[in-house]
Amino acid sequence: MAKYEGKPGALIHVLMEIQSENHWLPKEILNAISDRLNVPLSRVMQVASFYKTFSLTPKGRHRIHVCSGTSCHLRGADELLNSVQELVGVKAGEVDADARFSLETGCCLGSCTLGPEMIVDGEHHGRLSSDRVEEVLKNYA
Amino acid sequence: MQRINSAAELDARREDIRAGKDADRPAIAVCSGAGCAGLSNGRVIAAFEKELESQGLAGKVDLRATGCHGLCELGPNVVIYPEEIYYVHVKPEDVAEIVKETVQGKKVVDRLVYSDPASGEKAVHLSEIPFYKYQSRNLIGNNTRINPSSIDDYIGIGGYAALAKALFGMKPEQVLDEVKKANLRGRGGGGFPAGLKWETTRNAPEKEKYVIVNGHEGEPGAFMDRAVFTGNPHLVLEGLIIGAYAIGAHQGFIYTRHDSKLLKQNIDRALKQARENGLLGENILGSGFDFDVEVHFDVGIFVSGESSALMRSIEGKNPEPRPKYIRTSVSGIWDKPSNLNNVETWANVPQIIEKGAEWYTGIGTESSKGTKMISLSGNIVNSGVVEVPFGTTLRQIIFDIGGGIPGGKKLKALHFGGAMGGSIPESLIDTPLDFDALKKVGAPMGAGALMVMDEDTDMVEMARFFLTFLTNESCGKCVPCREGIQQLLKILTDICKGEGKKGDIETMEEIADVMSAASLCSLGKTATDPLRGTLKYFREEYETNIH
Ligand SMILES: Cc1cc2nc3c(=O)[nH]c(=O)nc-3n(C[C@H](O)[C@H](O)[C@H](O)COP(=O)(O)O)c2cc1C
Ligand code: SF4
Ligand code: FES
Ligand code: FES
């Protein structure tokens, strides 16, 4: 954060860097950002809660993302999501009990030619049929 | 790396690069675009590195990880130069054979060659594959020929020559004039003439002006901007610098996706190289013109691609649109005149300056000039990035290039323009790619994401799907958009369940009218376009569910 000290304009940059390292933004960190960048906490909160990239709650060890963009949708994303939800045992937006997986849906990452796809910790599993999901998830402890 | 200080030095540098390149030297271009990257292309590249080493070819063969080739459906794709042999679905296990047989032995590995799914006919070279054969790849065609991390590769194929021509051979007014004459229309959605927009910013009274690349590409199903930006970042940058010169801007911004590592990395590296080479920063090419660029990232909401929202976001604030009566070309970032164009729009500029407006207007239709990149996806055999001249019909794109509909299904509808776009039925498939013709039939091109829908698609469900997307991506600031979408979703959900009531269609039409009239930005104004379009062309699908 040091390089952005006292620079309110860097708010989004700072939040992104922390989010990408820590995967979520705890309250203490938001307080610290407010102090160091000289931005009122209310504005930090406004930005952090507005953007979908930022998370104000903790995530699982592995982050599953099922694309719900148009192309994936046309190629069977709903069915894929259903099987993932069943296997992991949580709905989109939730974390499972032992924090192994958090599941999210999200729109189009521009790899539509791989649809329907599931992304785990940034790794793409494209043209995924429902019966192959289990096999893929086994690799993430 | 040595700073280039004049047009003559740039020419000399290009000569040097070309002299150092042996045209017969073998090269391997492994696609590293978003599609192939998701198909383990990294392991293919690693296998090539290892294999070149072990067959004693390291240093004798160029290996480049390139941007998207186009035919993403069949990735990972590999091109072997100088013969331009094209291999599809390449796996790490295939690599040893490719190096031994093709690179060393000049023989074709038959099983990796493209084979037409219908006729079984094979095509060995890139230019013979139907997907590529019918395209004019002016913008994306160099992707397989250059390494996006090498500025020398770009200079070697003639890069930055247009910039030198503009800086030393043309006054800013002449550059502007050329772009106006070329009738370059914005590729980000609206199709607004770029030259007129440039002129407004140029003539705005404030002295300090900005130019911006909109590389947000938030439209679902759109992936052509990142294909050209990742694969050939200097092309976009060159267009931007030329535009800045024409407009009189000394500061530029690139607004791009935060979630694509490769894109980020390639843009950052291109900027650094351009600075080191004297193509960006102070006194560009010794011309006296100063211009530099800062990169900003989107943080994951669709509405931040809207021009005024994007500018708020660059200021570090929430991306909330503002009313359109204040034009951003006159009062944008920090209230300074700011000219915003899409990635593809900027990428068109170097060729217009280099080859002239007359050449450019020779391509396309009466009102839409040049080529257009399309991201083709959905229920289509060959999904990928396509570039064709305006005037090409949708039928040619879907069948000649896209290979038709998979699984022997029938084509039902074509959808352009993402969540605020429109679907047209199969019967309109002979419509030409043209800003105005497509708008007229109700499928405005938007950024160029063409979604193909087969006979199994439920059009009412699609309308609901798009509105669901928009309710998550709207900023929620104004009532008509926020509440209107919610109401529509309620009704549509009932209709999808077969529980529609008499009068539902009329209620939806009324809400749609209010939203279009009273929403603050285009998101709310056009959110109901997919609904309207499906009501127009597929009304019976609504009616059968209304009792
Ligand atoms: C909700 C919304 C989202 C948009 N998203 C993008 C985008 O991701 N990329 C883009 O280039 N234009 C986008 N636009 C259009 C821009 O506002 C703007 O018109 C365009 O970038 C101008 O560039 P052009 O004239 O070169 O097309 C969006 C517009 C709206 C209303
Ligand atoms: S129309 Fe929708 S996205 Fe646009 S300003 Fe209003 S609420 Fe925000
Ligand atoms: S729709 Fe899933 S990646 Fe584009
Ligand atoms: S990403 Fe490889 S061909 Fe498009």
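The values are calculated or read from the model by the stated rules, or taken from the named source; none is laboratory data. Everything quoted here is computed from the prediction, not taken from an experiment. Virtual Cβ from ideal backbone geometry, glycine too; neighbours counted across all protein chains shown. Heads up: the accessible areas ignore ligands, DNA and RNA and are worked out on the full protein's heavy atoms, side chains in. Shrake-Rupley method; radii C 1.70, N 1.55, O 1.52, S 1.80 Å.
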For segment B:210-221, pairs from a residue that is farther than 24 Å from B:Gln251 by Cα and in contact (Cβ under 8 Å) with a residue 24 or more places away in the chain to a residue that is buried (at least 24 other Cβ atoms within 10 Å of the Cβ) and among the hydroxyl-bearing types (Ser, Thr, Tyr), with Cβ under 6 Å and 6 or more apart or across chains, are B:Pro220/A:Thr70; B:Gly221/A:Thr70; B:Gly221/A:Ser71; B:Gly221/B:Ser377
Q) Scanning for something open to solvent by less than 10 Å² (accessible area, probe 1.4 Å), touching a residue at least 24 places away in the same chain (Cβ under 8 Å) and not in a helix (DSSP H, G or I), does segment B:461-471 turn up at least one residue? A) no
Restricting attention to segment B:311-325, the residues that are without any contact (Cβ under 8 Å) to a residue 12 or more places away in the chain and within 14 Å of another protein chain (Cβ to nearest Cβ) number exactly 3
Screening B:Arg18, B:Arg43 for residues that are away from ligand 4 (no atom under 11 Å from the Cβ), open to solvent by 60 Å² or more (accessible area, probe 1.4 Å), away from chain A (no Cβ under 14 Å) and assigned to a helix (DSSP H, G or I) leaves only B:Arg18
Checked segment B:266-299 for anything surrounded by fewer than 19 Cβ atoms within 10 Å (Cβ to Cβ) and either modelled with pLDDT under 90 or within 14 Å of chain A (Cβ to nearest Cβ) (or both); matches are B:Asp268, B:Glu294, B:Val295
Just one listed residue, out of B:Val479, B:Val514, is away from chain A (no Cβ under 14 Å), closer than 28 Å to B:Met445 by Cβ and either of a type outside the set (D, E, K, R) or within 15 Å of ligand 1 (Cβ to nearest atom) (or both), and it is B:Val514
Query raised in the report: Can you find a residue in segment B:422-432 that is open to solvent by less than 10 Å² (accessible area, probe 1.4 Å), part of a strand (DSSP E or B), within 14 Å of another protein chain (Cβ to nearest Cβ) and not β-branched (Val, Ile, Thr)?
Result: yes
For segment B:353-377 the number of residues that are in contact with a Gly (Cβ under 8 Å, 6 or more places away or on another chain), open to solvent by less than 20 Å² (accessible area, probe 1.4 Å) and away from ligand 4 (no atom under 16 Å from the Cβ) is 5
Among helices (runs of 4 or more DSSP H) completely within segment B:163-245, the ones holding 3 or more residues that are surrounded by fewer than 22 Cβ atoms within 10 Å (Cβ to Cβ) are B:172-182, B:194-203
Taking segment B:495-533 and keeping only residues that are farther than 20 Å from B:His415 by Cα, assigned to a helix (DSSP H, G or I) and open to solvent by 50 Å² or more (accessible area, probe 1.4 Å), one is left with B:Glu506, B:Thr507, B:Glu509, B:Glu510, B:Asp513, B:Val514, B:Ala517, B:Ala518
Residues in segment B:445-460 that are open to solvent by less than 10 Å² (accessible area, probe 1.4 Å), closer than 18 Å to A:Asp78 by Cβ and more than 10 Å from chain A (Cβ to nearest Cβ) total 2
Of the residues in segment B:191-244 that are polar (S, T, N, Q) and within 15 Å of ligand 1 (Cβ to nearest atom), the one that is nearest to A:Gly106 (Cα to Cα) is B:Asn214
From the option list B:Ser304, B:Ser308, single residue qualifying as within 14 Å of another protein chain (Cβ to nearest Cβ) and in a helix (DSSP H, G or I) is B:Ser304
